[in-house]
Amino acid sequence: MAEVVVIKFGGGLITNKTKLCTPELAVINDLVDVVGQCLDSGKRVIVVHGAGSFGHLRAKYWRLNEGLVADENFVPEKDCRNQIQAVSIVRKDMLTLNSIIKSAFARRGISTTSLPPHLWAKNTGSNFDGDIATTFASTESVPITFGDVVDCDIGSFGILSGDDLVVRICRDVPNVKRLIFAIKGVDGIMSKPPSEALPSDLIVEWSPSVKFTGIHHTDIDVTGGIGLKASRGAEVAAMGVDVFIVNGGYPQRLIDACLGKPTRGTQIFSE
Ligand code: IP8
């Protein structure tokens with residue numbers, strides 16, 4: 001049975017996070033090449049992508065991570081009057097981002113299957129409800145899923161992050177060997193905030209007892225930044241999967257990480 005590699009394309013990497021619904025097409029093409037090389041070497045790959053400016057900006061404005069909130073808390077926008085409309089717009093925008101990524105795979109001759117979480121998952125956090133084993137069972141094409149707005153038992157809806165999806169994929173899909181988080185603009189977890197950090201401040205091996213000051217743009221993001229990746233990564237490492245955070249701007253590092261070769265980045269351990 002082929003080894004499975006799970007790769008999370010960070011939303012900040014594949015989109016311009018400050019401009020609503022703006023993809024970074026050149027970066028997406030590079031990531032597709034990475035997956036292509038990984039497939040060529042005989043691995044099975046599962047892709048999870050973040051939301052970036054296709055999800056976080058509107059989800060933040062409409063507080064979709066908090067579930068249903070009374071209408072009087074919002075000033076309606078031109079194209080969106082309430083949270084219920086915001087839920088369907090964000091779901092549609094995420095499908096648009098997903099189709100941009102699918103097209104990039106198709107141009108490289110790689111067939112993919114999109115698995116939008118709002119169609120098969122419920123509730124948020126890494127304990128969300130969803131039958132991963134069945135949903136990801138087909139091995140004929142590359143499955144792609146992504147952070148999404150999902151239905152919830154409490155609050156009607158909420159945000160299921162790609163960082164939560166990867167935990168369950170690594171647990172429930174047989175033979176996952178490696179999880180790679182491809183992130184924007186930084187080589188891994190740094191011991192100082194990235195704006196002050198020198199290359200030597202890279203934490204090469206991280207476990208939850210190691211302190212660091214990560215950046216989390218709470219003004220833009222509704223999910224948890226590098227801190228969420230680190231803690232979810234530690235959950236996955238505890239399952240015996242090798243977990244790495246790698247600078248997504250360097251495709252060769254990603255390829256090496258996917259193939260299990262040493263490269264620059266942070267390896268996450270559970271303890
Ligand atoms: O970027 C967030 O997913 P993430 C999903 O993987 C939305 O945390 C819709 C904001």
Inset, instruction - Any chance you could count how many residues in region 246-271 are touching a strand residue (DSSP E or B) at 6+ places or on another chain (Cβ under 9 Å), free of Cβ contacts under 8 Å to residues at least 24 places away in the same chain and within 17 Å of PRO199 (Cβ to Cβ)? - result: 2
Legend entry - Residue check for ALA133: touching a residue at least 40 places away in the same chain (Cβ under 8 Å), closer than 30 Å to MET1 by Cβ and hydrophobic (A, V, I, L, M, F, W, C): yes
Inset, instruction - Kindly check whether there is at least one residue in region 72-85 that is in contact with a Lys or Arg (Cβ under 6 Å, 6 or more places away or on another chain), within 15 Å of the ligand (Cβ to nearest atom) and in a helix (DSSP H, G or I). - result: no
Legend entry - Test for THR124: is it buried (at least 19 other Cβ atoms within 10 Å of the Cβ), in a loop (DSSP other than H, G, I, E, B) and within 13 Å of the ligand (Cβ to nearest atom): yes
Inset, instruction - For GLY155, work out the one condition from (1) closer than 27 Å to ARG63 by Cβ; (2) assigned to a strand (DSSP E or B); (3) among the small types (Gly, Ala, Ser) it doesn't fulfil. - result: (2)
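Given the structure, is SER191 of a type in the set (Ser, Thr, Tyr), surrounded by 14 or more Cβ atoms within 10 Å (Cβ to Cβ), within 15 Å of the ligand (Cβ to nearest atom) and on the phi < 0 side of the Ramachandran plot? First the steps, then the outcome.
Values: of a type in the set (Ser, Thr, Tyr): yes; surrounded by 14 or more Cβ atoms within 10 Å (Cβ to Cβ): yes; within 15 Å of the ligand (Cβ to nearest atom): no; on the phi < 0 side of the Ramachandran plot: yes.
So SER191 fails the test.
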Inset, instruction - Would you check if ILE110 is part of a loop (DSSP other than H, G, I, E, B) and either touching a residue at least 60 places away in the same chain (Cβ under 8 Å) or among the small types (Gly, Ala, Ser) (or both)? - result: yes
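Mind listing just one residue for me: the one in region 215-233 that is touching an Asp or Glu at 6+ places or on another chain (Cβ under 8 Å) and assigned to a helix (DSSP H, G or I) and, of those, nearest to the ligand (Cβ to nearest atom)? Give the derivation first.
Taking region 215-233 first, the residues touching an Asp or Glu at 6+ places or on another chain (Cβ under 8 Å) are 223-224, 228-229, 232.
From what is left, the residues that are assigned to a helix (DSSP H, G or I) are 228-229, 232.
Details: LEU228: 7, LYS229: 9, ARG232: 10 Å.
Step by step, filter region 215-233, then rank; the result is LEU228.
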Inset, instruction - Looking for whichever is out of contact with any Ser or Thr (no Cβ under 8 Å at 6 or more places or on another chain), modelled with pLDDT of 95 or more, crowded, with 22+ Cβ neighbours inside 10 Å and closer than 21 Å to ALA238 by Cβ here; the options are VAL173, VAL149, VAL166. Which one fits? - result: VAL166
Inset, instruction - Could you please tell me which pairs satisfy a Cβ distance under 6 Å, a separation of 6+ or placement on different chains, a first residue in region 31-60 that is more than 17 Å from ARG178 (Cα to Cα), and a second residue that is more than 16 Å from the ligand (Cβ to nearest atom) and among the basic types (Lys, Arg)? - result: VAL32/ARG108
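For region 53-63, check the following and say yes or no: at least one residue is over 15 Å from the mean Cα position of the chain (by Cα) and more than 14 Å from the ligand (Cβ to nearest atom). Write out each step before concluding.
Taking region 53-63 as the starting set, the residues that turn out to be over 15 Å from the mean Cα position of the chain (by Cα) are 57-63.
Now narrow it down to the ones that are more than 14 Å from the ligand (Cβ to nearest atom): none.
No - not one qualifying residue is present in region 53-63.
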Legend entry - Residues located in region 89-119, provided they are exposed (fewer than 14 other Cβ atoms within 10 Å of the Cβ) and closer than 17 Å to GLY52 by Cα: LYS92, THR96, SER99
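The values are calculated or read from the model by the stated rules, or taken from the named source; none is laboratory data. Keep in mind it's a predicted model, so treat the numbers as computed, not measured. Cβ: placed from backbone, ideal geometry, glycine included. Neighbour counts: every protein chain shown.
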